[in-house]
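Engineer: Here it is: the structure, laid out below.
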Amino acid sequence: MTALARPTNGRMIGGVCAALARRFGTSATTMRVIFLVSCLLPGPQFLLYIALWILLPSEDKAKARTAW
């Protein structure tokens, strides 16, 4: 498994689904479909997406941090 960071390439809105797809070894499209289907269920999916968008570092920032 790779580190959880939003990729600079292949992101649609914030890169959260692409980051999760990389982390769990699935395609980004599959993860986006799972997210959209989960939005039909009750729960804080949008709030979780926004929180991950804010909390997950961008891939270039994560690489710069590990270079230290």
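Engineer: Which whole-number percent is the relative contact order of the chain (Cα, under 8 Å, 6+ apart)? Kindly include the intermediate steps, with their values, before the conclusion.
Structural biologist: Working: 63 pairs, mean separation 24.8, N = 68.
That works out to 36 percent.
Engineer: Ignoring ligands, DNA and RNA, what percent of the 1.4 Å accessible area of the chain is carbon and sulfur?
Structural biologist: 70
Engineer: Suppose all protein chains stay in the model; what accessible area per residue would a 1.4 Å probe give for the chain, in Å²?
Structural biologist: In whole numbers, the chain has 74 Å² accessible per residue.
Engineer: Debye calculation, C-alpha points only, no solvent: report log10 I(q)/I(0) for the chain at q = 0.26, 0.29 Å⁻¹, in the same order as the q values.
Structural biologist: -1.20, -1.36
The values are calculated or read from the model by the stated rules, or taken from the named source; none is laboratory data. Quick caveat: nothing in here was measured; it's all calculated off a predicted structure. Accessible surface areas use protein heavy atoms only, side chains included; no ligands, DNA or RNA. Shrake-Rupley method; radii C 1.70, N 1.55, O 1.52, S 1.80 Å.
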